[in-house]
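Worksheet: one structure, shown below.
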Amino acid sequence: MSDACEWVGYCIDEGIGDLQRAAGTLGALDELSMAHDADELRRMVRDSEVGALGVIVGMTSDGVSDVNLAAAIAKDGRARVVALVRRGASGSLRSRARNAGIDLVLDPTGEECREAEPPSSLPSSPPSADPRSLLGQLERRAPVIALCSGRGGAGKTTIVAGMACAAARWGMRVAAVDLDLSCGNLHSCFGVRPVVDPTSLVGEWGSEGHALFSASPGVSVTAPCGRPEMSELVMPQAASLVARAAEGADLVLADTSTTFTDAVAQAAQMCDRLVLVSDGAPGSMAAIARMGGLAVRLGVARTRISRLENRANPHAKTDFSLLRAEVGLEAARVFRVFDGGAEVSELIAAGQVASLMGLTGPFSRSVSAVTAQLLLELGRLPDDEEARRLSEEQTTKRWPFSLGLRREAR
């Protein structure tokens with residue numbers, strides 16, 4: 001976290017000591033301004049530039065819940081980090097906070113303010129003497145990118161698998177989570193059989209339970225439920241599944257189902273980027289417009305939503321007006337993935353996505369470019385020459401193929 005980050009907090013008089021102790025632990029005491037009430041706190045964050053303020057929420061009055069206030073600010077998507085201060089924070093509260101997008105839960109009891117059992121998406125190392133150690137842990141948290149389409153056949157599973165292979169080629173440890181818990185087939189893109197049934201881990205997400213298994217060098221995946229009818233048992237645990245996948249990973253990619261289930265909603269709320277995938281088929285744009293509208297109503301900030309045109313025509317222009325009537329997503333960045341022809345479907349059907357991404361072609365090149373540019377946006381671009389080059393691709397550059405020229409992904 002940058003030292004230039006300013007902080008704003010709110011609590012009632014009885015909680016000011018705990019809040020100041022938490023601010024001191026974060027190295028934020030000198031930059032901390034206090035709001036007079038919850039409404040003023042939200043106004044201050046809303047009026048600030050995105051990412052300019054860190055927020056600390058302490059003890060509140062009976063009229064407003066501290067968790068709900070912190071969650072509302074997190075869902076606004078403008079704060080750089082949201083910290084909740086709570087004495088004796090329970091595991092249930094930490095789980096609620098994590099699922100609501102709250103970044104840190106701080107327990108001010110004891111000799112020093114320390115994190116009350118770090119969320120599972122953060123390293124579990126002991127507190128450092130560095131007062132900014134908690135923010136350092138937060139910055140190291142693996143980013144989560146979720147792909148959603150609202151309909152089948154848009155190609156999001158193939159793209160997730162391709163992105164995972166691209167990032168792994170750059171030295172990243174990638175966790176690809178299949179949230180189509182009934183009928184997902186992400187693992188089949190890698191030609192592997194399911195090793196762990198997530199149904200068997202229900203109730204163990206906070207202990208040693210882990211649904212990931214190796215699919216390719218640098219890539220671990222999860223499988224759907226062995227019995228589709230058992231998926232409803234796992235859906236409430238989706239956020240924990242994603243958080244557990246982030247342990248030891250540098251990047252988490254979430255493939256979703258064709259409908260906006262509870263599992264998909266949890267992933268959308270906690271992800272760093274929600275990518276809406278369309279493919280130009282009839283009803284495709286309407287589907288992602290509905291999904292985008294629902295995501296916004298669930299509290300996903302528009303700044304965290306991007307669009308991806310799969311099987312894009314390299315000579316056609318993007319029509320931003322198609323989403324304008326829905327949720328104002330015409331300002332969302334648009335990425336493009338080009339059709340690689342029959343070769344793509346044949347290799348995916350054979351479970352050879354790693355081989356596919358090793359080829360020099362329009363599909364593999366554009367998927368790799370999309371991956372690099374998303375990582376650059378999130379500040380997680382690896383130190384790799386190819387990744388840096390792809391992150392700087394210009395939309396005017398063209399891709400040669402037998403019938404002419406194709407433009408690169410943007």
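Observations
- Some residue of the stretch 251-271 being over 23 Å from Gly379 (Cβ atoms), over 17 Å from the mean Cα position of the chain (by Cα) and acidic (Asp, Glu): no
- Counting the residues of the stretch 3-34 that are over 30 Å from the mean Cα position of the chain (by Cα) and open to solvent by less than 50 Å² (accessible area, probe 1.4 Å) gives 4.
- Checklist (1) over 30 Å from Ile305 (Cα atoms); (2) touching a helix residue (DSSP H, G or I) at 6+ places or on another chain (Cβ under 7 Å) applied to Leu19, failing item: (2)
- Residue in the stretch 232-252 that is among the hydroxyl-bearing types (Ser, Thr, Tyr) and outside any loop (DSSP other than H, G, I, E, B) present: yes
- For the stretch 386-407, the criterion of being aromatic (Phe, Trp, Tyr), modelled with pLDDT under 90 and open to solvent by 50 Å² or more (accessible area, probe 1.4 Å) is satisfied by at least one residue.
- Listed by first and then second residue, the pairs with beta-carbon distance under 6 Å, at least 6 apart or on different chains, first residue in the stretch 246-262 and farther than 22 Å from Gly153 by Cα, second surrounded by fewer than 20 Cβ atoms within 10 Å (Cβ to Cβ), are Ala249/Arg173; Asp250/Arg173.
- Which numbered condition Glu309 misses (of (1) among the charged types (D, E, K, R); (2) assigned to a helix (DSSP H, G or I); (3) open to solvent by less than 40 Å² (accessible area, probe 1.4 Å)): (2)
- Only a single item in (1) touching a strand residue (DSSP E or B) at 6+ places or on another chain (Cβ under 9 Å); (2) open to solvent by 30 Å² or more (accessible area, probe 1.4 Å); (3) modelled with pLDDT of 85 or more is not met by Glu247, and it is number (3).
- Qualifying positions in the stretch 35-60 - farther than 15 Å from Val85 by Cα and open to solvent by 70 Å² or more (accessible area, probe 1.4 Å): His36, Asp39, Arg43, Arg46, Asp47, Glu49, Val50
- Check on Gly292, outside any strand (DSSP E or B), surrounded by 24 or more Cβ atoms within 10 Å (Cβ to Cβ) and touching a residue at least 12 places away in the same chain (Cβ under 8 Å): yes
- Counting the residues of the stretch 21-54 that are closer than 21 Å to Ser90 by Cα and without any contact (Cβ under 8 Å) to a residue 60 or more places away in the chain gives 1.
- Filtered by the rule that a residue be assigned to a loop (DSSP other than H, G, I, E, B) and not hydrophobic (A, V, I, L, M, F, W, C), the stretch 365-388 gives Gly379, Arg380, Pro382, Asp383, Asp384.
- From Glu346, Glu326, Glu330, residue being of a type outside the set (Val, Ile, Thr), modelled with pLDDT of 90 or more and open to solvent by 40 Å² or more (accessible area, probe 1.4 Å): Glu346
The values are calculated or read from the model by the stated rules, or taken from the named source; none is laboratory data. Computed from a predicted model, the values in this text were never measured in an experiment. Cβ atoms come from the backbone with ideal geometry, glycine included; neighbour counts cover every protein chain shown. We work out accessible area using only protein heavy atoms, side chains counted, and drop any ligands, DNA or RNA first. Shrake-Rupley method; radii C 1.70, N 1.55, O 1.52, S 1.80 Å.
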